[in-house]
Amino acid sequence: MRTTTLLTSLAAPLALAACDSGQDMAEMNDMPMAEDGMMMDDQDMSAMDPGDMMQTASAEGTVTAIDGEAGTITVEHGPVAAIDWPAMTMAFEADEQLRSDVSVGEGISFEFRTGPEGSVITSITKQ
Ligand SMILES: [Cu+2]
């Protein structure tokens, strides 16, 4: 948990900047990163319904960047009605396998989960 929080804090500002408007977690996203990290304490997480904090959705988009150092894939994605996201370009965390599986300019369909710790791609299907 601790390690994950530290790692995601590197990529989070990009994702949060892109996706915080109109989201339930906007309140949290407005906090400075240092405090945000402290909010991730186990006691805070267990006090909330995980179903409200992490949502799973799918989207389609075009890969615009892959950052091995940050562990992210940036996607220009279409609207995601299920979670009330407009179309935008944003960075998603993605593991090495997923990052190596796509290239810039490629069209993809993907599934992801999103919450206070950021947005993480869980699977990718090439279009
Ligand atoms: Cu987005």
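Look at (1) away from the ligand (no atom under 11 Å from the Cβ); (2) without any contact (Cβ under 8 Å) to a residue 40 or more places away in the chain; (3) open to solvent by less than 60 Å² (accessible area, probe 1.4 Å) and you find that E117 fails only one, number (2). Residue pairs whose Cβ atoms lie under 7 Å apart, sitting 6 or more positions apart in sequence or on different chains, and linking a residue in the stretch 54-78 that is farther than 21 Å from P116 by Cβ and open to solvent by less than 60 Å² (accessible area, probe 1.4 Å) to a partner that is part of a strand (DSSP E or B) and of a type in the set (S, T, Y), are T64/T74; T64/T89; A65/T74.
Any residue at all in the stretch 95-108 that is modelled with pLDDT of 95 or more, within 14 Å of the ligand (Cβ to nearest atom) and within 15 Å of the chain's Cα centre (by Cα)? The answer is no; no qualifying residue exists.
The values are calculated or read from the model by the stated rules, or taken from the named source; none is laboratory data. Quick caveat, the model's predicted, so the values are computed rather than measured. Don't worry about glycine lacking a Cβ; one is built from the backbone with ideal geometry, like all the others, and counts go over all protein chains shown. Side chains included, ligands, DNA and RNA excluded: accessible areas come from the protein's heavy atoms. Shrake-Rupley method; radii C 1.70, N 1.55, O 1.52, S 1.80 Å.
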